[in-house]
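Contents: one structure, followed by commentary.
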Amino acid sequence: QQQQQQPLWRTAFLVEYSGLSGWGSKRINDCPNNTYRSIRVFNDTENMNMAMAEFTSVDDYYYEHPYWRELYDLNADPYQMTNLWPTLSSQEQTKWLNRVKTAHTCRGDNCFYI
């Protein structure tokens, strides 16, 4: 049996931002609903270059009530003009939600394979 070779780099990474409004910041005028977490997935083997994001309010840290989700195929749509999220099956949506949640909650070496 041939062993599967581990990738040298991560093929996915998390991007997150919490809106600053209501936190007493005088430096920036931000909206409390400008809070998001996103996962960027790129894999040369599968020719995958995707970005998924979900947006919520700053007081919804665990993303229990996001108000918007989006998914883009950056190979076919590099300017992110066509949101694929509404076209996904519920199984595909669950797969992406689990992946971004795993990335958001992982710690240390467990984050390498998200």
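The values are calculated or read from the model by the stated rules, or taken from the named source; none is laboratory data. None of these values were measured; they are calculated from a predicted model. Here Cβ is always computed from backbone atoms with ideal geometry, including for glycine, and neighbour counts include all displayed protein chains. Calculation scope for accessible area: heavy atoms of the full protein, side chains included, ligands and nucleic acids excluded. Shrake-Rupley method; radii C 1.70, N 1.55, O 1.52, S 1.80 Å.
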Subject >> Given (1) farther than 17 Å from PHE13 by Cα; (2) out of contact with any Asp or Glu (no Cβ under 7 Å at 6 or more places or on another chain); (3) surrounded by 11 or more Cβ atoms within 10 Å (Cβ to Cβ), index of the condition PRO86 fails >> reply: (3)
Original post:
Do we find a residue being in a loop (DSSP other than H, G, I, E, B) and under 12 Å from ALA53 (Cβ atoms) anywhere in the stretch 71-83?
Top reply: yes
Subject >> Which listed residue, of LEU97, LEU71, LEU88, LEU84, is over 15 Å from the mean Cα position of the chain (by Cα) and of a type outside the set (Phe, Trp, Tyr) >> reply: LEU88
**OP:** Can you tell me which residue within the stretch 65-83, out of those that are among the hydrophobic types (A, V, I, L, M, F, W, C) and closer than 15 Å to VAL41 by Cα, is least open to solvent (accessible area, probe 1.4 Å)?
**Re:** LEU71
**OP:** Pull up the stretch 34-64, narrow it to residues that are within 21 Å of THR11 (Cβ to Cβ) and of a type in the set (A, V, I, L, M), then point me to the one that is most open to solvent (accessible area, probe 1.4 Å).
**Re:** MET48
Subject >> Cβ pairs under 8 Å, 6+ apart, first in the stretch 46-59 and of a type in the set (Phe, Trp, Tyr), second surrounded by fewer than 22 Cβ atoms within 10 Å (Cβ to Cβ) >> reply: PHE55/ASN33; PHE55/ASN34; PHE55/TYR36; PHE55/PRO66; PHE55/TYR67; PHE55/TRP68; PHE55/ARG69
**OP:** Could you tell me which numbered condition GLU54 fails, if it satisfies all but one of (1) modelled with pLDDT under 90; (2) assigned to a strand (DSSP E or B)?
**Re:** (1)
Original post:
Here are some residues: ARG27, ARG10. Which one is of a type in the set (Lys, Arg), modelled with pLDDT under 95 and either open to solvent by less than 40 Å² (accessible area, probe 1.4 Å) or within 20 Å of LYS95 (Cβ to Cβ) (or both)?
Top reply: ARG10
Original post:
When the residues of the stretch 100-114 are filtered to those that are among the hydrophobic types (A, V, I, L, M, F, W, C) and exposed (fewer than 15 other Cβ atoms within 10 Å of the Cβ), which remaining residue is farthest from the chain's Cα centre (by Cα)?
Top reply: PHE112
